[in-house]
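Engineer: Please see the structure below; I have some questions.
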Amino acid sequence: MEFPRVRALFVVALLSCGIAAWLTWPSSVALGAVLTPAPYQVGERLRYELSWGIVIAGTAVLEIAERQTLAGRPVFKALHTARSNDFVSVFYPVNNRVETLLDEETHVPHRLLFHRREGKRKNDIEVHFDQVAHKATVTKDGATETLDIPPQAQDTLSIIYFFRTLPSIAVGSSTFVDVHHDKKNYRLELRIEGTERLKGPLGEFDTIRILAIMPFKGLFMNEGNIRVWVTNDAARVPVLMKAKVIIGSVTATLTGAEGVTLTAKP
């Protein structure tokens, strides 16, 4: 059996930059400003099942692993892992790990580490963000270069947590967010499509449905936009993600949650 470009299975819509675009980030906010307290804390761990049509392809995990201090600033260490299951690994093994250090007060990234292991492809990527000078120093497989970035630039993992800290949202609104990914800067468009009652493995939730208009292919291979459902509460936990890939579509479904309160409907 042939599975062309099986890494498409691991689009992981939950991470592909723009899981939840709810309101515009005010450009006047300085790096040292105190914003809305984060609705996530150390110990939060979200587990997802990845499927390609009716085929279960693997698992993904999002977690806040610990609190650190970086250059005198408090930061959260956020981790993401994605792994193929035994069946898919026969054709295309995936074992990726992404780590970002998030400023606890301003919710911008300071450092990204990406260890990519997809089939025969192996890359180690490190990005240091200077949010004051608006520079990103990128080291990929031993080669380093420094690039310009927009103010408050996000990475493909930090943006998930960043948006969870913003004020209330408005259905029908659309916004753009600056993201630095793979040595390039992008403006990601996100549209708030509406509200929806959604039933899943952990219960039934009131959700907000968001469409991310993808200007790039995210952490893994996807061929179109990403639709995300997040809980319609202060936590804004992503409970379902869907994305088109080369053949069919990929779904990421929340199957486990620790360190966060989910309010299921009766």
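The values are calculated or read from the model by the stated rules, or taken from the named source; none is laboratory data. Note that the structure is predicted; figures quoted are calculated from it, not measured. Cβ atoms come from the backbone with ideal geometry, glycine included; neighbour counts cover every protein chain shown.
Engineer: From the list 75, 138, which residue is in contact with a strand residue (DSSP E or B) (Cβ under 9 Å, 6 or more places away or on another chain) and within 19 Å of residue 184 (Cβ to Cβ)?
Structural biologist: Step by step, each of 75, 138 is checked, and only 138 is in contact with a strand residue (DSSP E or B) (Cβ under 9 Å, 6 or more places away or on another chain) and within 19 Å of residue 184 (Cβ to Cβ).
Engineer: Additional query: Would you be able to tell me the number of residues in region 106-124 that are surrounded by fewer than 18 Cβ atoms within 10 Å (Cβ to Cβ) and among the acidic types (Asp, Glu)?
Structural biologist: Selection size over region 106-124: 1.
Engineer: Report yes if residue 128 is of a type outside the set (A, V, I, L, M), out of contact with any Phe, Trp or Tyr (no Cβ under 9 Å at 6 or more places or on another chain) and within 21 Å of residue 76 (Cα to Cα), otherwise no. Write out each step before concluding.
Structural biologist: Values: of a type outside the set (A, V, I, L, M): yes; out of contact with any Phe, Trp or Tyr (no Cβ under 9 Å at 6 or more places or on another chain): yes; within 21 Å of residue 76 (Cα to Cα): yes.
Answer is yes for this residue.
Engineer: Any residue in region 26-54 that's closer than 18 Å to residue 104 by Cα: show its pairings with residues that are at pLDDT 85 or above and of a type in the set (S, T, N, Q) at Cβ separation under 6 Å, as long as the two are six or more apart or on different chains.
Structural biologist: Sorted first by the residue in region 26-54, then by its partner, the pairs are 31/106; 31/131.
Engineer: Out of everything in region 112-138 that is closer than 21 Å to residue 60 by Cβ and charged (D, E, K, R), what residue ends up being nearest to the chain's Cα centre (by Cα)?
Structural biologist: 116
Engineer: Separate question: Tell me yes or no: at least one residue of region 73-84 is touching a Gly at 6+ places or on another chain (Cβ under 6 Å), farther than 16 Å from residue 178 by Cα and of a type in the set (Phe, Trp, Tyr).
Structural biologist: No, the conditions are met nowhere in region 73-84.
Engineer: Looking only at region 144-169, which residues are outside any loop (DSSP other than H, G, I, E, B) and modelled with pLDDT under 95?
Structural biologist: Passing the criteria: 154, 158, 159, 160, 161, 162, 163.
Engineer: Would it be correct to say that residue 127 is more than 17 Å from residue 160 (Cα to Cα) and loosely packed, with under 14 Cβ neighbours inside 10 Å?
Structural biologist: no
Engineer: May I pose another question? So which residues in region 66-90 are surrounded by fewer than 16 Cβ atoms within 10 Å (Cβ to Cβ), of a type in the set (A, V, I, L, M, F, W, C) and more than 20 Å from residue 154 (Cβ to Cβ), if there are any at all?
Structural biologist: 87, 90
Engineer: Scan region 42-93 residue by residue and report those that are at pLDDT below 95 and among the aromatic types (Phe, Trp, Tyr).
Structural biologist: Scanning region 42-93 gives 52, 87, 91, 92.
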